Amino acid sequence: KQVNDSLGHQEGDHLLWKVAQALQLQNHGTYLCGRVGGDEFVVFLYGIDDKKQAEETAYHICETVKSLTLPENLSGLVSCSIGGAFAPEEGTDYRELFKSADRRTYQAKRLGKNRFLMEDMDIAVDRLNQAMGKKERILVYGDYDVDGTTAVALVYKFLQQFYSNIDYYIPDRY
């Protein structure tokens, strides 16, 4: 919108083309994508084994879009917000899945730019906001494997920027 309003629709369309190209370059045969209107795209993942793969793909898409640059006359960053939905748990057809994903997209936008929300992440975010509002202690608990320790480190480091009453626990493997 900022590009269209400032530089015209031709520049806005060019930026949308860059987003589409970035999505295509990011794709390694694991999804179909298309523009559904305005600045919105739908990405349909297939052949994934678990939700973690979907989250990793969403993260990489956010990072890829964030790396795009605006035209010279504008300052700021290109951003994206992603909402995810999973079949068959959240629906078995396009409409049901789109509705869930769209709702999460708007929740992600309200939380700030360059975010993605998947099933129940909104519940976790609400609980964290509630804990911070009540000045409760937050404990980030993780597994001892590489994924668990990495996730704990990232979540702890991120939350520590906004809240000081936070700690972490990673159980010993043995």
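Summed over region 20-43, the residues that are farther than 19 Å from ARG104 by Cβ, assigned to a helix (DSSP H, G or I) and either open to solvent by less than 60 Å² (accessible area, probe 1.4 Å) or modelled with pLDDT of 85 or more (or both) give a count of 4.
Looking across region 106-148, the residues that are open to solvent by 50 Å² or more (accessible area, probe 1.4 Å), at pLDDT 80 or above and of a type outside the set (Phe, Trp, Tyr) come down to LYS109, ASP126, ARG127, LEU128, ASN129, GLN130, GLY133, LYS134, LYS135, GLU136, ARG137, LEU139. When the test is whether a residue is farther than 28 Å from ASP167 by Cβ, assigned to a helix (DSSP H, G or I) and in contact with a strand residue (DSSP E or B) (Cβ under 7 Å, 6 or more places away or on another chain), LYS99 does not pass it.
Looking across region 58-78, just one residue is in contact with a strand residue (DSSP E or B) (Cβ under 9 Å, 6 or more places away or on another chain) and open to solvent by 30 Å² or more (accessible area, probe 1.4 Å), and that is TYR59. Against the list (1) modelled with pLDDT of 85 or more; (2) surrounded by 10 or more Cβ atoms within 10 Å (Cβ to Cβ), the condition ARG95 fails is (2).
Reported count of residues in region 69-96, each being in a loop (DSSP other than H, G, I, E, B), touching a residue at least 12 places away in the same chain (Cβ under 8 Å) and closer than 22 Å to GLU56 by Cα, is 9. Residues in region 8-19 that are open to solvent by less than 60 Å² (accessible area, probe 1.4 Å) and part of a helix (DSSP H, G or I): GLY12, LEU15, LEU16, LYS18, VAL19.
The values are calculated or read from the model by the stated rules, or taken from the named source; none is laboratory data. Remember, it's a predicted structure, so these values are computed and weren't measured experimentally. Positions of Cβ are generated from backbone atoms using ideal geometry, with glycine treated the same way; all protein chains shown enter the neighbour counts. We work out accessible area using only protein heavy atoms, side chains counted, and drop any ligands, DNA or RNA first. Shrake-Rupley method; radii C 1.70, N 1.55, O 1.52, S 1.80 Å.
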